[in-house]
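Structure first, commentary second.
Nothing in this text is a laboratory measurement; each read-out follows from the coordinates by a stated rule. Quantities reported herein were computed from a predicted structural model and do not represent experimental measurements. Heads up, the Cβs are rebuilt from the backbone with ideal geometry, glycines too, and the neighbour counts pull from every protein chain shown.
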């Protein structure tokens, strides 16, 4: 039963991601529109000696973390500003967006929302590390983030309590757009982003008793050898 529900949840998660990313981009971040876009996949020979990265190959990455029957779904994708992940070079900025939501697998997708356990996202933290061409770890940290989720999510008025913002689907989800990975040294061949989300989930629907936990996800991203800058598309800030 759970396997069938997980399949439905995965389909719903993709649909939610597309819905969330159909709006206009945030104006205070460089990079313009950020709808998911097809990435040009690098050849096998081009990626053979670099980071093994699903994000780079597919132009998107999705993961599921099951905690006591709650499916935490994480999506990351490049924006329209830098859509070609096989042309992400050390120099120049690279832009991505990501979403985070939760599904109660103990209920069917179309069950009344009041019968589902509430899940709240409190803090979001993202760290990074670089991998050099010799396989060693670099000293640069091209992307860092630490903030209360409700302060930075795309929704200007998220449903919030003392536990954070609601991320139980279909009533809530976290979305952050046009995040910038800064330029790195020319010998960089990969970036690993580590996402950590502090969440509170209800023990049973309507109980108002919550358990705190941290959801962690690592996302490797390939960086290709070149002395050229990563090309940034000239897209209007409010393009959707």
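Here region 51-97 and region 155-195 have alpha carbon centers that stand 11 Å from each other. A simple spin-label model places pseudo-atoms 7 Å from Cα toward Cβ; at residue 192 and residue 218 they are separated by 0.3 nm. Per-peptide packing, taken as the mean over residues of other Cβ atoms within 10 Å, places 71-79, 111-119, 95-103, 224-232 in the sequence 95-103, 71-79, 111-119, 224-232 from highest down.
Using the Cβ-Cβ distance between residue 111 and residue 134 with R0 = 30 Å, the FRET efficiency computed as 1/(1 + (r/R0)^6) comes to roughly 0.05. When peptides 151-159, 132-140 are sorted by average Cβ neighbour count within 10 Å, with the highest value leading, the order is 151-159, 132-140. Taking 0.36 nm per residue of separation and subtracting the Cα-Cα distance, full extension of the segment from residue 141 to residue 185 would add 14.7 nm.
Put simply, the C-alpha atoms of region 64-176 give a gyration tensor, and the ellipsoid matching it has half-axes of 32, 15, 14 Å, longest first. Computed from the C-beta positions of residue 162 and residue 204 and an R0 of 22 Å, the FRET efficiency is 0.70 to the nearest 0.05.
Computed from the Cβ-Cβ distance with R0 of 45 Å, the FRET efficiency linking residue 54 to residue 171 stands at 0.95.
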